Structure formats: structure tokens, C-alpha cells
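The values are calculated or read from the model by the stated rules, or taken from the named source; none is laboratory data. Keep in mind that this is a model prediction, so the values were computed, not measured. Ideal geometry is used to build each Cβ from the backbone, glycine not excepted, and the neighbour counts take in all protein chains shown. Surface areas here come from the heavy atoms of the whole protein model, side chains and all, with no ligands, DNA or RNA. Shrake-Rupley method; radii C 1.70, N 1.55, O 1.52, S 1.80 Å.
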Amino acid sequence: MKTLRNALLLTAIYVVLLLGIHFLHVRFFSVDVVFYAAIGDALLAAVLTGLLLLVPALRRFTLTEKVLLVMVWLLGGYGFAISVPTVIDRSLSFYILEKLDQRGGGIRQDAFQDVFTKEYMVEHRLVDVRLTEQESSGTVRIEHGCVLLTDKGRRVAAMSRFYRQHFLPKQRLLLGKYSDDLTDPFRHSRQDVTYQCGQ
């Protein structure tokens, strides 16, 4: 029973450290990519909490229990990183709710295309954010005004396309109708574009 109590205490300490470190990080330090920063915060909190496992009063944990505790903290930190700061930073769903609230609680449905292209893209600096993330991930490089796919980027794009085509729903509800449009969103792409590099 004491072991369980100690595990819960250490987990509570981990949560407090994670939230504190993350707050200080985003408030006072530079952040390149929100998700990566939150993952780093989770790792740091796990290391600091893990040091408490060296305290004599807490040495009752077996090696397996210590490893499992650290794994639980890391998984919790990953869940936090992807579910809170990353979702709020990039979620279109949250943007819709915030935009509706900003505009007095309602927007005409036929205006949403303009809201996304003329407001969302600009207000959230969407292109800058996504290009920064991709460059930091090593999937693109930017040279002489061109965004170029790297070999890693090609592999990621191929995996994404494979998953989209084979594992996304074939009958997905989109505004009252079931469709497979999002399993191949480029199916009806324009062909008359001139923005490729080298053209």
C-alpha cells in the first residue's frame, strides 16, 4: 500500500513539474515548434521526478516498478503534449469556436470559405507555422524562395498517402452526406498551376 501511495505522490509531483516547466518554457524562452517543446518539457519533468527515485525513503520500488513509473510519466507527458498545447495551437475546430465567439456567436455557413482563407490563414500565420514545423522536422528545406521536399519528406508523404487511401473512412459524414473524398483529396485538384519551382 505504501508503494502505491509513493507512486501516486511521485506521479502528482511529475504532473506539477510538467505543468510548471511547460509554463515557464512557453512564457520566458524561445520555442521553435510547440509540439517538440512540450515533448522536451515532458522529458525534463520525467528526469527530475526520476531523480526522486534515488531518495532512500523511495527505494522500495523494484527496478521494474521504476521503469514502469517512468514509462507512465513519459506516456502521460506525450498525451499532454499532443492533446493540449498542440491541439489548441493547430486545431481548426477550436478556431471555429473561437471565431464564432469573436463574431458574436454566429457566422453564415456560406462565409466559412472566406473566413478560412482570408482570416484563419492570416491570423494564425498558418503557412509560416507549418513551414517552420516541416523545416524543423527535416521534411522540407527552403532554398532561394522554393520549398523543396527532402528524402525524409518523400517517405513521410508516401506513408501518409498510403494510410489516407487505405485506412481513413470510405464513408465519412461531411455536412449530411457520406463521402470518400478525403481518402484522395487530390482527386479533383487543379492541373493548370504554375507555382512549381523551376517553372
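Couple of notes before you dig in:
- The numbered conditions (1) at pLDDT 95 or above; (2) open to solvent by 50 Å² or more (accessible area, probe 1.4 Å) are all true for ALA42 except (2).
- When residues of the stretch 152-174 are limited to those that are closer than 25 Å to SER137 by Cα and in contact with a strand residue (DSSP E or B) (Cβ under 8 Å, 6 or more places away or on another chain), the one surrounded by the fewest Cβ atoms within 10 Å (Cβ to Cβ): ALA157
- The stretch 171-184 residues that are under 24 Å from MET159 (Cα atoms), paired with ones that are part of a strand (DSSP E or B) and of a type in the set (A, V, I, L, M, F, W, C) (beta carbon under 8 Å, 6 or more apart): ASP181/LEU174; LEU182/LEU174
- Test: residue in the stretch 175-196 that is of a type outside the set (Val, Ile, Thr), loosely packed, with under 11 Cβ neighbours inside 10 Å and touching a strand residue (DSSP E or B) at 6+ places or on another chain (Cβ under 6 Å): no
- Residues that are under 13 Å from LEU19 (Cα atoms) and either of a type outside the set (Phe, Trp, Tyr) or at pLDDT below 90 (or both), drawn from the stretch 50-78: GLY76, GLY77
- Within the stretch 118-136, if we keep just the residues that are free of Cβ contacts under 8 Å to residues at least 24 places away in the same chain and surrounded by 12 or more Cβ atoms within 10 Å (Cβ to Cβ), the residue that is farthest from the chain's Cα centre (by Cα) turns out to be GLU119.
- Screening the candidates PHE61, PHE80 for the property of being surrounded by 16 or more Cβ atoms within 10 Å (Cβ to Cβ) and either of a type in the set (Ser, Thr, Tyr) or under 30 Å from PHE116 (Cα atoms) (or both) yields one hit, PHE80.
- Residues (loosely packed, with under 15 Cβ neighbours inside 10 Å and free of Cβ contacts under 8 Å to residues at least 40 places away in the same chain) located in the stretch 64-77: THR64, VAL67, LEU68, MET71, LEU75
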